[in-house]
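Notes for the one structure printed next.
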Amino acid sequence: MNFILHIWRQANSQAKGFFEKHELEVEAESSFLEMLDALNERLISLGKEAIVFDHDCREGICGSCSLVINGEPHGRHRATTTCQQYMRDYQDQNELWIEPWRATAFPVIKDLMVDRSAFDRIIQADGYIPVRTGAAPEANTQPVAKPLADKAFDAATCIGCGACVAVCPNASATLFIAAKVSHLSSLPQGQLDHKRPAKMLARMEAEGFGSCSNYRECERICPKQIRTDTIATLNKLLSQR
Ligand code: SF4
Ligand code: FES
């Protein structure tokens, strides 16, 4: 398969970025990131600078990969991370524009890689449960009702990728925060701090993310299908504090 690729190049967060055009023949069974690997091998063999992009597990579980492909964060398939997209999925679209997440709070480090440490600082603001760690406690010492365990588990599948921010017209991190709050606040161990939603939202605003105004694009784009009812849970907890 032959592709015309327009890839965002940017030396650092201050530099002016631009689209660089490449033509590449790739196997239909290549993953999207393997396609970029092949392009980088060619660039390196020509003595040119490789394209920088984020990745780690390549199995849809770490949240590192972060490409906007033809305007869609994580590409065209729903509930799928960039690393799980394949070039065969683009056989009817042989011209692709590949960009980094676009949000003020996610400054470009280089090319397609952005700095998502703002998410870490939101977690540090109260996105955790303050209990002693150490040896795993006996599983049944604190029973958790099955519906609550299921609700917490669904929210816990958020991998912190940031696609919800990238797709939101307000660049809001509300779905990410709502996932963490719904996860922790559904469990008895997470009941200790009732200021959690307010503290995390305050940190979100301080980091330069926008507020939620219910576009619900985040729900559509999320690779882990985190639902906006987590935002309803977040708002309910906010009103109860
Ligand atoms: S809510 Fe979904 S899109 Fe947002 S960070 Fe979590 S997994 Fe990614
Ligand atoms: S590289 Fe880990 S989710 Fe894509």
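Quick notes on this one:
- C-alpha long axis of helix 174-185 to longest principal axis of the chain, angle in °: 40
- Long pairs among Lys110/Lys151; Lys16/Lys48; Lys48/Lys224, criterion Cα-Cα beyond 28 Å: Lys110/Lys151; Lys48/Lys224
- Distance from the Cα centroid of region 63-77 to that of region 3-20 is 16 Å (rounded to whole angstrom).
- Asp120 contributes about 90 Å² of solvent-accessible surface, heavy atoms of the protein only, 1.4 Å probe.
- Between the listed residues Ala155, Gln10, Cys62, the Cα displaced farthest toward the positive end of the dipole of the chain, a dipole computed from Cβ unit charges relative to the Cα centre, is found at Ala155.
- Among Ala232, Leu33, Leu96 the positive-end extreme of the charge dipole of the chain (Cβ point charges): Ala232
- Dipole magnitude (debye, nearest 20) for the chain, charges at Cβ of Lys, Arg, Asp, Glu: 1200
- Close amide H pairs (under 5 Å, H built 1.01 Å from N) link Ala173 with Gly210, residues at least 5 positions away or on another chain.
- Cα shape, region 116-239, gyration tensor, a/c 1.5 rule: prolate
- Cα shape, region 53-154, gyration tensor, a/c 1.5 rule: prolate
- In degrees, nearest ten, helix 196-206 long axis to first principal axis of the chain (Cα): 40
- For region 214-229, 3J(HN,Hα) per residue [Karplus equation, 6.51 cos²θ - 1.76 cosθ + 1.60, θ = phi - 60°, Hz, x = Gly/Pro]: 6, 6, 6, 5, 4, 5, 5, 8, 4, x, 10, 6, 5, 9, 6, 5
The values are calculated or read from the model by the stated rules, or taken from the named source; none is laboratory data. Computed from a predicted model, the values in this text were never measured in an experiment. Cβ coordinates were reconstructed from backbone atoms using ideal geometry, including for glycine residues, and neighbour counts include every protein chain displayed. Surface accessibility is based on the protein's heavy atoms, side chains included, excluding ligands, DNA and RNA. Shrake-Rupley method; radii C 1.70, N 1.55, O 1.52, S 1.80 Å.
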